[in-house]
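Working notes, beginning with the structure itself.
The values are calculated or read from the model by the stated rules, or taken from the named source; none is laboratory data. It should be emphasised that the depicted structure is a prediction, and the values quoted were computed from it without experimental measurement. Cβ placement follows ideal geometry from the backbone for every residue including glycine, while neighbour counts extend to all protein chains displayed.
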Amino acid sequence: MHYVIAVAVIGFIILIHEAGHLLAARAAGIPVERFSIGFGPALARVRRGGTEYRLCAIPLGGYLLPAVRDEQEYFSIAPYRRVILSLGGPLANIAAALLLFAAYSVAVHGPTVEGALIGPFSKTGNFIIQFFTSLAGIFSGSDGLSGAVGIVAQGGAFIKMDAARTAVFAAVLNLNLGFFNLLPVPALDGGKVILSLAEMLYPAARRAHAPLAAAGWIVMLGLLVYATALDIGRMVS
């Protein structure tokens, strides 16, 4: 059962990420065609303010679809507005992690200023140091890299049907997703921010978006396959 909870937590964290993009799109004045909770066939749908909100059959995360017909219409959106859109998801994950760390501290140690206000930022700072330190040795074949299989296995073992442990697991995953997406890889939000900023300085840079994004997705898919292989190797060894 705790592995099912781990999967549900992962899905909810992805949903937080996409909801952050939705709020950022609203703030930047970017029209949104569809916001979906889950994937697959739609179980229910409603259209409000030009946006279709869907509830789909596979409730694992979600996605946001801007109201653009093609690449040219997407690039007609001012670069600074696209930067806001790209940052919305990672910032939502980081904010959620801070709230979860605060909730954990209050639940375990009671409501204190240090636990509710200072502690979450301290924990996040420590995570940032560990996150970027681990990048140098991420391909060492050690425990520094995990895919979805490893995250569910390790998360399920850590949670053990405990609400406080679940909150910590969710906080750490939020930070992982948030800061990972801020990496300057074209397929990720951080890469999109870099390319949009470059476009503000040199408009012709928009021609680099498509080939760099394709290369970024190839790298990400390769990383996913590699991480999954490591996870399976750990499980059978």
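With respect to residue 87, determine if the residue is at pLDDT 90 or above and part of a helix (DSSP H, G or I). Answer is yes for this residue. Entry remark, region 60-84: residues being at pLDDT 85 or above, out of contact with any Pro (no Cβ under 8 Å at 6 or more places or on another chain) and in a helix (DSSP H, G or I) number 8 in total.
Restricting to region 24-65, count the residues that are touching a residue at least 24 places away in the same chain (Cβ under 8 Å) and surrounded by 15 or more Cβ atoms within 10 Å (Cβ to Cβ).
Within region 24-65, the subset touching a residue at least 24 places away in the same chain (Cβ under 8 Å) is 24-25, 27-39, 59-65.
When the remaining residues are screened for being surrounded by 15 or more Cβ atoms within 10 Å (Cβ to Cβ), the result is 24-25, 28, 30, 32, 34-39, 59-64.
So the answer is 17.
Residue 193 passes every criterion in (1) under 13 Å from the mean Cα position of the chain (by Cα); (2) in a helix (DSSP H, G or I); (3) crowded, with 19+ Cβ neighbours inside 10 Å apart from (1). If you go through region 90-115 and pick out every residue that is farther than 14 Å from residue 171 by Cα and crowded, with 18+ Cβ neighbours inside 10 Å, you end up with 1.
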